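Novice: I have a structure I would like to understand better, so I am pasting it below and will then ask my questions one at a time.
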Amino acid sequence: MKLWLPVLGCLLLVVLGVNSIAFTDFQLYVITPATPEQLDKVRELEQDGNYDFWDVPRLNRKARVMVSNYAEAKFEKFLEQYDIDYDSVIGNVQQILDKERRTNDDFYKRSKRNAADTKAVVDFDHYWTLDEIYTFVDDLATSNPSVKSFEIGRTPEGRPIKALTISKTGEVTKTRPVVFMDAGIHAREWAGVMSVVYMIEQFTSHPEQYADQLDNTDYVIIPVLNPDGYVYTHEVNRLWRKNRVQNNILCAGVDLNRNFPFKWAFTSNACTNTFAGMEAATESETQAMMSLMDQYKSAMTLYIAVHTHGEMILWPWGYDFVHCDNWEEHDNLGKVAQKAIKDVGGNEWIVGNSADVLYRASGATDDYAFSNGARLAYTIELTGGGLEGFDLPASELGKVTTETMEIYKAFGKYAGTLPLPTSDA
């Protein structure tokens, strides 16, 4: 969703006065580039601005693309011109979004019926709202001495941006290696948020099972970096990606993962999905994370940005086709995590350089963290939702959280063996 969809969404809200955006006039295609030349053409299509790619296009791999009925003929003509295999698999995208919403609505109805039971139940049968996540985090900080929660900033709409720390010693004193993590920078990527919440729950409920990850390592975590966008996807537009700052009368939002100052570059106009902002670090969410990272960078040995989709473990640099100096260490640890996922029955994730595997992207969090002293910095892209929706159905959350937990375990264990960054890192 680049140029036309944010504009369309704003007009729908203004003209119709509704409190949610429907996607009844959008189809979902699956395309499969079979040659390097076809892949290049698909990537051109991705940058066109008229189509919403739900998956990163890769050679001989299926990618889902949402297309407006108004752009259908142009889209198919382009694919046929370059003999790219495609199939229209869902004629009305709103149907699968409605199915996802019904699942969550059913959960909340059951919760209300059981309201007499005051004991909080942590489950992974539905996608949590921001309020649920924040309540969980705050309750942990109250009841668990290893957890601290705190506010690191406010969003354009006035919501708190919350972070938490986990340390066996009770306090992150920066004398032990720190793993710094964030999720939810892209609002619609709910599964990534849930995988981090699952890790927090596991570390705090069963610490004896994670001695390798907790005995020598501390954690600084932002579970939802983009609270405004996350709420917006739950209440108005399930497929929204950016934050909710108002750019002009028609278009809202900055792609926070293009707004960080390392190698920042102006990307596109304000109505596109990858708008980087008019300048680097303009956004309150960006500034909040930068400030938190500065606070802990003297001990930050490893950084993880959690995204969906693609089943990938990616390392710097992403701004250009340049490998970071310790790329072999990045790659080796990534392959340890890759094997761990397969050992629990998962697919074989791709491990590699961000620009080589995906595309060049300036102003991203992983490049910023690496430039800011982290010895290791990764972006992970979780499993996608197939034809069931943008994310996996809630019924399959157990699978994706279990697989992703293997990455967190491998990274946390390794981080605990590393020396602290040097003072001039």
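Novice: Report the dimensions of the range 27-94 along its three principal axes from the alpha-carbon atoms, largest first, rounded to Å.
Specialist: 32, 19, 19
Novice: In terms of modelled amide H atoms, which long-range or inter-chain residues lie less than 5 Å from the amide H of Ile90?
Specialist: The answer is Leu28.
Novice: Next question, about the same structure. Taking the alpha-carbon centroid of each part, what is the distance from the range 123-199 to the range 381-407 in angstrom?
Specialist: Cα centroid to Cα centroid, the span is 19 Å.
Novice: Do any of Lys168/Lys413; Lys174/Lys297; Lys41/Lys62; Lys62/Lys263 go past 19 Å between their Cα atoms, and which?
Specialist: Lys62/Lys263
Novice: Run through every distinct alpha carbon pair of the range 315-379 and return the Kirkwood hydrodynamic radius in angstroms, one decimal place.
Specialist: One over the average 1/r among Cα pairs gives 12.2 Å for the range 315-379.
Novice: Now for a separate question. Which ³J(HN,Hα) values, rounded to whole Hz and listed in residue order, are derived for the range 21-30 from phi using the Karplus coefficients 6.51, -1.76 and 1.60 in 6.51 cos²θ - 1.76 cosθ + 1.60 with θ = phi - 60°, glycine and proline given as x?
Specialist: Per residue, the Karplus-derived 3J(HN,Hα) values read 9, 9, 10, 5, 9, 10, 10, 10, 9, 10 Hz.
Novice: Further question: Output the 0 to 90 degree angle, nearest 10, between the alpha-carbon long axis of helix 190-205 and the longest principal axis computed from the alpha carbons of the chain.
Specialist: For helix 190-205, the angle is close to 20 degrees.
Novice: With axes computed from alpha carbons, what is the tilt in degrees of helix 130-143 against the longest principal axis of the chain, rounded to the nearest 10 within 0 to 90?
Specialist: Rounded to the nearest ten degrees, it is 0.
Novice: Using the Karplus curve 6.51 cos²θ - 1.76 cosθ + 1.60 with θ = phi - 60°, work out ³J(HN,Hα) for each residue of the range 390-397 in order, rounded to whole Hz, and write x for Gly and Pro.
Specialist: 4, 9, 4, x, 4, 5, 9, 4
Novice: Quick check on the chain: of the DSSP beta bridges with both residues there, what percent are antiparallel, nearest 5%?
Specialist: Counting DSSP beta bridges with both partners in the chain, the antiparallel share is about 55 percent.
Novice: Rounded to the nearest 10 degrees, what's the angle between the helix 327-343 long axis and the longest principal axis of the chain, both from Cα atoms, 0 to 90?
Specialist: Tilt relative to the chain: about 80 degrees.
Novice: Scan around Leu376 for amide H atoms under 5 Å from its own, H built in the peptide plane at 1.01 Å from N, and keep only partners 5 or more places away or cross-chain.
Specialist: When sequence neighbours closer than 5 places are left aside, the close amide H contacts are Leu302, Tyr303.
Novice: Round to a whole number: what % of the accessible area of the range 122-416 belongs to carbon and sulfur, probe 1.4 Å?
Specialist: Using a 1.4 Å probe with all protein chains present, the range 122-416 comes out at 49 percent carbon and sulfur.
Novice: Which label marks the calculated value of Rg and Dmax of the Cα atoms in Å, given the options [x] 22.7, 71; [y] 20.8, 62; [z] 21.3, 77?
Specialist: Here the calculated entry is [y].
Novice: In Å², what does the accessible area per residue of the chain work out to with a 1.4 Å probe?
Specialist: The answer is 41 Å² per residue.
The values are calculated or read from the model by the stated rules, or taken from the named source; none is laboratory data. Here the structure is a predicted model, which is why all the values come from computation and not from measurement. The area values use the complete protein model at the heavy-atom level, side chains included, leaving out ligands, DNA and RNA. Shrake-Rupley method; radii C 1.70, N 1.55, O 1.52, S 1.80 Å.
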